Amino acid sequence: MDEKVGDPSGGTFFDNLGSDPGSETDLGIDAAAVVVVEPRFGRAGQILYSPLELGKVEDVSKVQTLLFSATLPVWVKHIASRFLKPDKKTADLVGNEKMKANASVRHIVLPCSSSARSQLIPDIIRCYSSGGRTIIFTETKDSASELAGLLPGARALHGDIQQSQREVTLSGFRSGKFMVLVATNVAARGLDINDVQLIIQCEPPRDVEAYIHRSGRTGRAGNTGVAVMLYDPRRSNFSKIERESGVKFEHISAPQPADVAKSAGVEAAETITQVSDSVIPAFKSAAEEILRTSGLSAVELLAKALAKTAGYTEIKSRSLLTSTENHVTLLLETGRAIYTPSFAYSVLRRFLPEEKVEAVKGFSLTADGKGAVFDVPAEDLDTFLAGQKSAADVSIEVLKALPCLQEKDQSRWGRFGSGGGGGRFSRGGSRGGGRGGSFSDRRNDRFSHGSNGGRGGNGGNNWGRRT
């Protein structure tokens, strides 16, 4: 055998470096004329050093080494300088051409606090996967395993999983035994799965290259796809990704449970029509009895039956800002510019009890600087709408879609970027918010009183973004 190919991402490749000479598993690297190293697994040094450690090669410089990489970031150049010869040659087939995201992919960003992900992701899958395969990317192995455990039928794929199990998992994903794969970057490159409809990134990646490779797992082989990136509105800044990847992100709000329920109702109706007529006699008397005694019409009873079939017994509200369930997103305006969240908090404290103000989550300023957007528990909505009437020049409105928001400057926001706490995918969040007395701001310390500008608003199901 003249050529041997091994996958450095699995343990078997490195185990065989130390096999007995002449055995079937011995890679024979001591006799290799050429060693090719792909650096993305971070174990290039082990490939090069193993012959020396085993005493098979006295001088590694006698081995011709070729290093291949899709791009040439700083870390790849560092590996090249460390392991290749000083007079190495570089063949750059990309040159100054920038990496660009796939144009056949719909690129979406959606605000979501970490505590709301586990509730939101199933609805994103229902709305955007079109029944196809979905890959969800997380930043850590633990979060991949945790999220996979929370999503029915999902499987995890990361570096701590044995190679044999990873192969079984990928085989099941390709064959359609399960439709949701939760992975770390181990799956971002090299996977050849053409029929992936949806990519979900739980948070913006650390670099643009990672976003391009992740989103590139869909929209392959001439197909279209959807890439949804979640971001925490309190701290995320994804303008660099948008600028350098060549995409224009579509900003949407979280799918509202009522809209998702309507979609589920259509699916449930199709399922009911497929039930055999042979079951009607067994259930007819019960149907007649409930129709006679419930006081509901036949349509209302059927709607309830469809809801139960689809798994709904109630429909909860969901915030547009952080995607938190049982929360509503409000817009605060004062008739003048709002520069900091501390001023917005001080305005709320003028007409609301302290415990209600402390329940506020996720303060964000509007791009035009004229308002502040925040979440409140749905049960407190009436209190906020009623309270504004006692404060002059204050308007609180229930948003149907998010306005354009300012990107966060963490040095300016500090602890006032309140929001849900809890674990990575916890089903609840701690209350956030500023504490203490009235916080004044240099640019907002002349809050004037005038006519009552209070105006209420009605919730809605528009998933778009108000601009």
**Asked** Within region 366-406, can you find the residues that are farther than 19 Å from Ala254 by Cβ, in contact with a Ser or Thr (Cβ under 8 Å, 6 or more places away or on another chain) and among the aliphatic types (A, V, I, L, M)?
**Response** Ala372, Ala392, Val394
**Item:** Gly371 at pLDDT below 90 and touching a strand residue (DSSP E or B) at 6+ places or on another chain (Cβ under 6 Å)
**Value:** no
**Complete:** When (1) in contact with a Cys (Cβ under 7 Å, 6 or more places away or on another chain); (2) part of a loop (DSSP other than H, G, I, E, B); (3) of a type in the set (A, V, I, L, M, F, W, C) are applied to Phe178, the one that fails is (1)
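To keep it simple, each residue is scored yes or no on (1) touching a Phe, Trp or Tyr at 6+ places or on another chain (Cβ under 6 Å); (2) modelled with pLDDT under 90.
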site	(1), (2)
Gly131	no, yes
Leu151	no, no
Leu157	no, no
Asp160	no, yes
Gln163	no, yes
Arg174	no, no
Leu181	yes, no
Ala188	no, yes
**Request:** Test each condition in (1) surrounded by fewer than 14 Cβ atoms within 10 Å (Cβ to Cβ); (2) more than 30 Å from Pro111 (Cα to Cα) for Ala305 and report the one that comes out false.
**Result:** (1)
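Among the residues of region 278-286, is any in contact with a His (Cβ under 8 Å, 6 or more places away or on another chain) and of a type outside the set (Phe, Trp, Tyr)? Before you say what the answer is, go through the steps one by one.
First, pick out the residues of region 278-286 that are in contact with a His (Cβ under 8 Å, 6 or more places away or on another chain): none.
No, every residue in region 278-286 fails to be in contact with a His (Cβ under 8 Å, 6 or more places away or on another chain) and of a type outside the set (Phe, Trp, Tyr).
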**Test set (1) part of a loop (DSSP other than H, G, I, E, B); (2) in contact (Cβ under 8 Å) with a residue 40 or more places away in the chain - Ala221 fails condition number** = (2)
**Request:** Would you point out the residue of region 281-312, among those that are among the hydroxyl-bearing types (Ser, Thr, Tyr) and in contact with a helix residue (DSSP H, G or I) (Cβ under 7 Å, 6 or more places away or on another chain), that is nearest to Val376 (Cα to Cα)?
**Result:** Tyr312
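Residues checked against (1) touching an Asp or Glu at 6+ places or on another chain (Cβ under 6 Å); (2) touching a residue at least 24 places away in the same chain (Cβ under 8 Å); (3) surrounded by fewer than 18 Cβ atoms within 10 Å (Cβ to Cβ):
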{"position": "Gly225", "(1), (2), (3)": "no, yes, no"}
{"position": "Met229", "(1), (2), (3)": "no, yes, no"}
{"position": "Ile241", "(1), (2), (3)": "no, yes, no"}
{"position": "Ala254", "(1), (2), (3)": "no, yes, no"}
{"position": "Ala258", "(1), (2), (3)": "no, yes, yes"}
{"position": "Val266", "(1), (2), (3)": "no, no, yes"}
{"position": "Ile280", "(1), (2), (3)": "no, no, yes"}
**Asked** surrounded by fewer than 20 Cβ atoms within 10 Å (Cβ to Cβ) and in contact (Cβ under 8 Å) with a residue 60 or more places away in the chain - does that describe any residue in region 72-81?
**Response** yes
**Prompt:** In region 284-323, what residues are assigned to a loop (DSSP other than H, G, I, E, B) and among the small types (Gly, Ala, Ser)?
**Reply:** Ser294, Gly295, Ser297, Ala310, Gly311, Ser317, Ser319, Ser323
**Request:** Keeping to region 343-358, report how many residues are of a type outside the set (Lys, Arg) and out of contact with any helix residue (DSSP H, G or I) (no Cβ under 6 Å at 6 or more places or on another chain).
**Result:** 8
**Request:** Please tell me if Leu332 is touching a Pro at 6+ places or on another chain (Cβ under 8 Å) and under 26 Å from Pro255 (Cα atoms).
**Result:** no
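The values are calculated or read from the model by the stated rules, or taken from the named source; none is laboratory data. None of the values given here were measured: they were computed from a predicted structure. Cβ atoms come from the backbone with ideal geometry, glycine included; neighbour counts cover every protein chain shown.
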